[in-house]
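The structure appears below as structure tokens.
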Amino acid sequence: MRAMRAMRCLATWAGLLLLLTATVLTCTPPPSSRPTPFRPAATDTSVPPLGRTWPVGTRPPVLRGWEPPATPYGRGHRGVDLTTAPGTPVRAVAAGRVSFAGRVAGKGVVSVELPGTGDPPLRTTYEPVRASVKKGEEVAAGEVVGTVEPTGSHCTTACVHWGLRRGETYLDPLSLLPPWLLRRAPSRLLPVLGVPLP
């Protein structure tokens, strides 16, 4: 008899608990207590083509292109990797002010803020680079800011990682370059050996 009463009591409590849980889950909170969804501030993602030179060489091969992440902490590639050799001079793609020149996680990094490109201004970053400039220095487009370090690259071969940001938003650094810098040299027709000229 006691066991039956205990079972009924337990069933009643379980029923009440189930009813209470269902009520809480289906209850809509008043509008003032709803959490506001996270919305990042509108960021200007436009990039003026103000670059005047490639960071290394003349149209170096791109080992890996820009792959924007789907979320702020998602997977992706926040820049481009350019093939180069250790010791190659690294140049500022556009005029600006050095905002950082030092080491981050064992890698040499140089960042250049580009004035007149909005608020916050655009900022280019080059790594792994042994800096030849200091924070606060003004640099002209094409001016050497350092040399490619022999170690510290995340590529399987020697490369320089070139990044572009506006505030906390990563952008495609190739968009800084005007079309004439992105195009390859014009094609040249060569004579075909063994075919007589007309």
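The values are calculated or read from the model by the stated rules, or taken from the named source; none is laboratory data. Nothing here was measured: the structure is a model prediction, and the numbers come from that model. Just so you know, the surface numbers come from the protein's heavy atoms only, side chains and all, with ligands and any DNA or RNA stripped out. Shrake-Rupley method; radii C 1.70, N 1.55, O 1.52, S 1.80 Å.
Results, tabulated for the structure shown:
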quantity: Cut-off under 5 Å, modelled amide H: who pairs with GLY146 long-range; calculated: VAL90, SER132
quantity: Built amide H within the under 5 Å cut-off of THR84, gap 5+; calculated: CYS159, VAL160
quantity: Carbon + sulfur, % of accessible area of segment 97-192 - ligands and nucleic acids excluded, 1.4 Å; calculated: 56 percent
quantity: Cut-off under 5 Å, modelled amide H: who pairs with GLU137 long-range; calculated: VAL98
